[in-house]
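Okay, structure first, notes after.
Values quoted throughout were computed directly from the atomic coordinates according to the rules given, and no laboratory measurement underlies them. Here the structure is a predicted model, which means the values were calculated and not measured. Don't worry about glycine lacking a Cβ; one is built from the backbone with ideal geometry, like all the others, and counts go over all protein chains shown.
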Amino acid sequence: MSVLMEFAIFPTDKGESVSKYVAKIIKMIDKSRVKYRLTPMGTVVETKKLKKALKILDKSYKILKPYSNRVYATVKFDIRKNRKNAIHFKIKSIKEKIK
């Protein structure tokens, strides 16, 4: 199974730039050893189980909680049975069709 979770989470009461808070979350994701891609508008992680993706989301909130009175988040899931490396294959499929 492949669980793709695209999410953005950040404090809303820290001014225009929140990159130092987002960096704390990316560091945690990197340590979790799941596949991920950072984008300008969010992060996509790929896990084998929904529970693992939700754990990353929960840890992300817990990282921000001490720094902020208000946290904003958006989350999207693509859950697919019988698939691995969905991040890689989705991008590869589009690139092949562009050629």
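The set of residues in region 56-87 that are closer than 21 Å to K27 by Cα, surrounded by 13 or more Cβ atoms within 10 Å (Cβ to Cβ) and either among the hydrophobic types (A, V, I, L, M, F, W, C) or within 11 Å of the chain's Cα centre (by Cα) (or both) comprises I56, L57, S60, I63, L64, V71, A73, V75, I87. Is at least one residue of region 21-32 touching a strand residue (DSSP E or B) at 6+ places or on another chain (Cβ under 8 Å), more than 25 Å from M1 (Cβ to Cβ) and part of a helix (DSSP H, G or I)? Within region 21-32, one or more residues are touching a strand residue (DSSP E or B) at 6+ places or on another chain (Cβ under 8 Å), more than 25 Å from M1 (Cβ to Cβ) and part of a helix (DSSP H, G or I). Taken over region 8-35, the criterion of being out of contact with any Ser or Thr (no Cβ under 6 Å at 6 or more places or on another chain) and in contact (Cβ under 8 Å) with a residue 12 or more places away in the chain is satisfied by F10, T12, K14, Y21, V22, K24, I26, M28, I29, S32, K35.
Taking the numbered list (1) surrounded by 11 or more Cβ atoms within 10 Å (Cβ to Cβ); (2) not in a loop (DSSP other than H, G, I, E, B) in turn, I94 passes all entries but (1). Among the candidates Y36, Y21, the residue that is surrounded by 12 or more Cβ atoms within 10 Å (Cβ to Cβ) and touching a Pro at 6+ places or on another chain (Cβ under 8 Å) is uniquely Y21.
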